[in-house]
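Visitor: Submitted below is the structure of interest, expressed as structure tokens.
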Amino acid sequence: MKLRQISIYTLFFTTLSLSSCKKMLDHQPDDRTELNSPVKVSELLANAYPHLNYIPFAEAMSDNALDKGTSTLERVNEYPWKYMDQIDANTTDNPPSYWMACYKAISAANYALDAINTAGDQSAASYSASKGEALVARAYAHFMLVTFFAKTYDPATAASDSGIPYVTQAQKVVEGKYERGTVASVYDQIQKDLETGLPLIQNNSYRIPKFHFTTEAAHAFATRFFLFKKDYAKVIEHANAVFPGSAIKDNLRPWNTVYNGLGYYELQATYTQSTEPANLLLQEAATSWGRSYAGYNYGLAGSNILQVIGAAGNASGVALAMGNKIFSDDTHYNLPKFTENFVKQTLSATIGEPYNTIPLLTAEEVLFNRAEANIMLNKNQDAIADLDTYLSTRIIGYRLSVHKFSETKAKAFSPALSLQNAMVAAVLSFKKLEYLHEGMRWLDILRLKIPVVHSSVDGRTIITLGADDPRRVCQLPQEAIASGLAPNPR
């Protein structure tokens with residue numbers, strides 16, 4: 001592919017505010033002027049994670065979002081719901097702002113790696129843990145970029161499908177040469193960073209481990225990556241590394257017991273706590289999502305609420321406990337998951353910029369990924385064992401003799417599908433409710449080419465997103481296109 005001259009101003013060092021893009025020219029992405037110690041490098045890596053939010057646009061594009069049909073509700077997620085390109089990054093919670101946040105995180109990881117390489121072999125041991133975190137964080141940010149801004153990995157076409165720039169060098173010049181590469185080349189580099197970095201991570205190097213890539217979080221990310229790559233044996237290998245034996249049950253959210261007894265604000269505070277065992281990787285994101293999503297016109301609505309939370313909405317045939325905790329009126333449907341916090345504008349200020357803590361990787365995802373991988377390897381009984389474990393924490397009054405999952409239940413839920421596809425559909429039915437308001441449904445829609453239909457409440461507008469619709473791929477930001485990167489086809 002032809003090399004493109006991309007301005008570092010717009011691609012990698014752009015920081016976002018609600019009103020403008022401030023451009024940081026040719027200097028490091030934090031306040032440390034010299035990265036000359038293991039402590040400074042370690043501190044820099046707090047910036048190696050995207051600090052903006054993909055959930056608002058991912059959730060809106062999915063089949064979780066309906067048109068509530070009222071002019072009194074906010075329509076800030078109208079563009080993704082209608083699959084219209086957003087290329088202006090002057091606000092948060094949209095694809096171009098997330099693109100910028102990912103490349104800013106990548107830049108921080110690369111500066112850390114550059115400092116580690118400069119320190120030399122004699123200091124290698126003292127920097128080893130930071131090197132591992134930087135490599136895995138760099139892999140994660142590139143993975144999220146290639147997921148949203150390129151075609152989903154298909155082994156038959158990945159070598160020719162356009163990818164995204166995979167940046168491995170600290171940017172010390174104003175102009176640099178970058179290319180989109182291919183989806184296959186991006187995946188190869190993600191895997192290299194992931195597999196090189198993971199063995200170096202040391203959990204005891206973190207003050208608050210849940211906000212960093214621990215070994216458990218890195219293995220959890222690996223289960224997602226290899227599920228997208230369709231390397232199912234690797235999914236199972238990494239899932240087993242997160243939770244050996246039967247340890248996974250104690251790390252699932254106790255929805256049918258502890259969570260079921262929590263009130264609105266208690267649940268909201270508990271869901272993203274670092275002390276919650278289910279949370280494997282958390283990150284703070286500048287966003288008003290937590291306060292706003294129930295009041296968006298495009299979101300969970302009464303017309304499909306039973307399809308999501310009712311007994312007929314999942315393959316167990318029993319309503320799951322999460323549905324009991326949805327708070328609603330005629331237009332607002334809210335499963336409380338996010339507590340809003342503020343970065344104060346001054347020390348004495350009473351207001352500030354809102355942010356939420358976002359669960360990026362969870363124990364439930366590890367279970368679901370392992371279950372699907374086992375299904376694809378024709379190991380249905382292993383998958384059923386995981387689903388029984390899951391349901392034991394989701395069905396109130398659970399009894400194995402009554403609620404045990406089975407191939408028969410999967411086929412009853414999806415009678416027109418083959419057994420293998422019905423089993424996968426069963427897993428997806430649980431995930432759809434599990435990750436309500438978290439954008440994860442969109443990843444499954446991308447990965448499995450699930451069609452989506454969005455209809456206006458008056459029936460006049462019907463938007464059909466087919467399996468190969470180019471609008472599944474988010475458009476690149478306008479600065480990236482203007483600087484020479486080829487836009488995604490439309």
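Visitor: Checking Lys409 against (1) assigned by TED's automatic domain parsing to the domain that holds Lys82; (2) among the basic types (Lys, Arg); (3) in a helix (DSSP H, G or I), which test does it fail?
Guide: The number of the failed condition is (1).
Visitor: Of all residues in the stretch 415-449, count the ones that are β-branched (Val, Ile, Thr), assigned by TED's automatic domain parsing to the domain that holds Trp289 and within 30 Å of Gly69 (Cα to Cα).
Guide: Final tally of qualifying residues: 0.
Visitor: Moving on. Output the number of residues of the stretch 452-490 satisfying the condition of being surrounded by 13 or more Cβ atoms within 10 Å (Cβ to Cβ), out of contact with any strand residue (DSSP E or B) (no Cβ under 8 Å at 6 or more places or on another chain) and in a loop (DSSP other than H, G, I, E, B).
Guide: Of the residues in the stretch 452-490, 7 are surrounded by 13 or more Cβ atoms within 10 Å (Cβ to Cβ), out of contact with any strand residue (DSSP E or B) (no Cβ under 8 Å at 6 or more places or on another chain) and in a loop (DSSP other than H, G, I, E, B).
Visitor: Go through Ser392, Ser418 for me and flag whichever is surrounded by fewer than 18 Cβ atoms within 10 Å (Cβ to Cβ) and within 23 Å of Gly261 (Cα to Cα).
Guide: None of the others qualify; the one that does is Ser392.
Visitor: Where residues in the stretch 69-91 are at pLDDT below 95 and touching a Leu at 6+ places or on another chain (Cβ under 9 Å), which of them is nearest to Gly459 (Cα to Cα)?
Guide: Ile87
Visitor: Let me ask something else about it. Which of the residues that make up the stretch 449-481 are under 27 Å from Leu428 (Cβ atoms), of a type in the set (D, E, K, R) and out of contact with any Phe, Trp or Tyr (no Cβ under 6 Å at 6 or more places or on another chain)?
Guide: Lys449, Asp468, Asp469, Arg472
Visitor: Now a separate question. Specify the residue that is nearest to His51 (Cα to Cα); the eligible residues are those in the stretch 166-220 that are of a type in the set (D, E, K, R) and not in a loop (DSSP other than H, G, I, E, B).
Guide: This residue is Lys210.
Visitor: If you go through the stretch 238-266, how many residues are closer than 15 Å to Thr393 by Cβ and either surrounded by 14 or more Cβ atoms within 10 Å (Cβ to Cβ) or in contact with a Phe, Trp or Tyr (Cβ under 6 Å, 6 or more places away or on another chain) (or both)?
Guide: 12
Visitor: Right, here's the next one. Looking for whichever is of a type in the set (Val, Ile, Thr) and not in a loop (DSSP other than H, G, I, E, B) here; the options are Ile106, Ile87. Which one fits?
Guide: Ile106
Visitor: Right, here's the next one. Mind listing just one residue for me: the one in the stretch 400-434 that is within 29 Å of the chain's Cα centre (by Cα) and among the basic types (Lys, Arg) and, of those, farthest from Arg253 (Cα to Cα)?
Guide: Among those residues, the one meeting the criterion is Lys432.
The values are calculated or read from the model by the stated rules, or taken from the named source; none is laboratory data. For clarity, every value in this text was computed on a predicted model and none was experimentally measured. Here Cβ is always computed from backbone atoms with ideal geometry, including for glycine, and neighbour counts include all displayed protein chains.
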